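Asks: Have a look at the structure that comes next, please.
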Amino acid sequence: MADTVINSLEDDKAEDITVIDLQGKSSLADVMIIASGRSARHVASIADHLAQTVKDATGRPVKLEGLPNADWVLLDVGDIIVHLFRPEVRAFYNLEKIWSDDSAHGHA
């Protein structure tokens, strides 16, 4: 399913696609995928298309949060969590650093 998600993001010209393995780090999901859109409209378009693609592939609707604002949209695809951001919002929250830097755990 991760390949389906990544292919959809690439087809929609999502930028800076990052895949983080969460196995052993979180019980929420096995994989986190983070990507950016150029604008709120682009983020919303990517999210809508991805939700439809995943629904077509699995037969199940996708939980989607963050629309209509589309600064940060979260899609829950079962074992995969997808975060779509506008670039400046992504830089502000810096999820890649939080989830991929093991040495940061337990430090303020």
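Taken together, the values in this text are just the output of simple stated rules run on the coordinates, not laboratory data. Model, not experiment: these values are computed from the prediction. Glycine gets a Cβ as well: all are built from the backbone with ideal geometry, and neighbour counts include every protein chain shown.
Asks: Looking only at the stretch 17-40, how many residues end up being part of a strand (DSSP E or B) and either of a type outside the set (A, V, I, L, M, F, W, C) or in contact with a Phe, Trp or Tyr (Cβ under 9 Å, 6 or more places away or on another chain) (or both)?
Replies: Here is the first cut: in the stretch 17-40, the ones part of a strand (DSSP E or B) are 17-21, 31-36.
Restricting the remaining residues to those that are either of a type outside the set (A, V, I, L, M, F, W, C) or in contact with a Phe, Trp or Tyr (Cβ under 9 Å, 6 or more places away or on another chain) (or both) gives 18, 20-21, 32, 34-36.
Summing the residues that are part of a strand (DSSP E or B) and either of a type outside the set (A, V, I, L, M, F, W, C) or in contact with a Phe, Trp or Tyr (Cβ under 9 Å, 6 or more places away or on another chain) (or both) in the stretch 17-40 gives 7.
Asks: Of the conditions (1) out of contact with any Phe, Trp or Tyr (no Cβ under 8 Å at 6 or more places or on another chain); (2) under 17 Å from Tyr93 (Cβ atoms); (3) in a helix (DSSP H, G or I), Val43 clears all except one; give me its number.
Replies: The failed condition is (1).
Asks: Further question on the same structure: Going through the stretch 41-87 one residue at a time, which ones are at negative phi, touching a residue at least 60 places away in the same chain (Cβ under 8 Å) and either of a type outside the set (A, V, I, L, M) or loosely packed, with under 14 Cβ neighbours inside 10 Å (or both)? Give the steps one after another, and end with the answer.
Replies: Residues of the stretch 41-87 at negative phi: 41-58, 60-65, 67-69, 71-77, 79-87.
From what's left, touching a residue at least 60 places away in the same chain (Cβ under 8 Å): 77, 79-80, 82, 84, 87.
Those that are at negative phi, touching a residue at least 60 places away in the same chain (Cβ under 8 Å) and either of a type outside the set (A, V, I, L, M) or loosely packed, with under 14 Cβ neighbours inside 10 Å (or both): Asp79, Pro87.
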